[in-house]
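Beneath this line is the structure, given in structure tokens, with notes to follow.
Read the figures in this text as sums done on the coordinates, not as results from a lab. On a predicted model such as this, the values are computed, not experimentally measured, just so you know. FYI the Cβ positions are ideal-geometry reconstructions off the backbone, even for glycines, and counts take in every protein chain you see.
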Amino acid sequence: MNNPVLKLSGIEKVYNRGKPGEVKVLNGVDLSLNRGEVVALLAPSGAGKSTLLHIAGLLDTPDAGEVEIAGQPMQGRSDRKRTITRRAQLGFVYQFHHLLPEFTALENIVLPQLANGTARDAAEARARALLESVGVGDRASHRPAAMSGGEQQRVAFCRAMANAPGLLLADEPTGNLDPETSDRVFAALMKLVRETGLSALIATHNLELAGKMDRQLHLHNGSIRED
Ligand code: ADP
């Protein structure tokens, strides 16, 4: 019951192994996130933050080390099982919203729920409640192109939360926004995370935003240091 939501042990990742362009990106990363914790991942560009988030999010596999999600080891799982775990337990937010352009804000949050087996009525009710909670309830029928950058990103947060995941992984979620919008959108994200008791690993360059999280981890020379 008290298993960490995410546990990484001895994670290593090398690109182009044995070739002239070999890059050893992760060199024994250990990290553990408890339920309800919101943790900042700070790293200079190119340090391997996206690689680490992709491995934690089961979108990539490490060359060595172990990934556990809610106490379950992920090694040796089939692609199908990894996809099921990802869909049910993990939420993703990127720097760019990646919403589906031909669907409305509401539909973008409904679709992942339908894929996870939720009935349409319940999925729509949840989508509306999520949009309300981040202050864009009145944008439900807008397509992404008809929303501002900050609104698009709020919708992307709601989509990440659509299936009530245990863990949110975010890669510079407000990195594309101007500083003032970034602060407001980040506050909306934190409100949503705190209200749902979600755990989150949030990569950011912004020390001020990082300071509002429970812990700050630094990725440096392929391993993690905590403040
Ligand atoms: P960050 O997100 O911290 O900017 P990344 O995880 O994207 O860093 O990349 C870390 C390093 O690994 C960079 O030097 C990058 O060029 C390299 N890298 C990332 N993906 C690949 C890949 N598919 N093949 C080769 N090198 C890669």
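Ordered by the count of other Cβ atoms within 10 Å of each Cβ, fewest first, Ser223, Ser182 give Ser223, Ser182. Backbone geometry of the stretch 27-44 corresponds, through the Karplus equation with coefficients 6.51, -1.76 and 1.60 at θ = phi - 60°, to 3J(HN,Hα) couplings of 9, x, 7, 10, 7, 9, 10, 8, 4, x, 7, 10, 10, 8, 10, 9, 6, x Hz, x marking Gly and Pro.
Put simply, the C-alpha atoms of the chain give a gyration tensor, and the ellipsoid matching it has half-axes of 29, 20, 17 Å, longest first. Cα extents for the stretch 85-187 along the principal axes, largest to smallest and rounded to whole angstrom: 38, 28, 23. The antiparallel fraction among DSSP beta bridges confined to the chain stands at about 55%.
Comparing Gln152, Gln72, Gln216 in a Gaussian network model of the chain where C-alpha atoms under 10 Å apart are linked, the largest mean-square fluctuation is found at Gln72.
Close lysine pairs were tallied over the chain: pairs 8 or more places apart or on different chains with Cα atoms under 15 Å apart number 4. Only helices enter this figure: runs of n ≥ 4 DSSP H residues, each worth -39500 (n - 2.57), summed and divided by the residues of the chain, yield -10500 deg cm²/dmol at 222 nm to the nearest 500.
When the Gaussian network model of the chain links Cα atoms closer than 10 Å, the mean-square fluctuations of Gly175, Gly135, Gly117 top out at Gly117.
Per-residue Karplus couplings for the stretch 62-67, computed as 6.51 cos²θ - 1.76 cosθ + 1.60 with θ equal to phi - 60°, are listed in order as x, 7, 8, x, 10, 10 Hz, Gly and Pro entered as x. Applying 1/(1 + (r/R0)^6) with R0 = 41 Å to the Cβ-Cβ distance of Ser141 and Asn3, what FRET efficiency is obtained, to the nearest 0.05? Efficiency, from the Cβ-Cβ distance: 0.50. The dipole here belongs to the stretch 140-186: it is taken about the Cα centre, uses +1 on the Cβ of Lys and Arg and -1 on the Cβ of Asp and Glu, and is about 280 debye.
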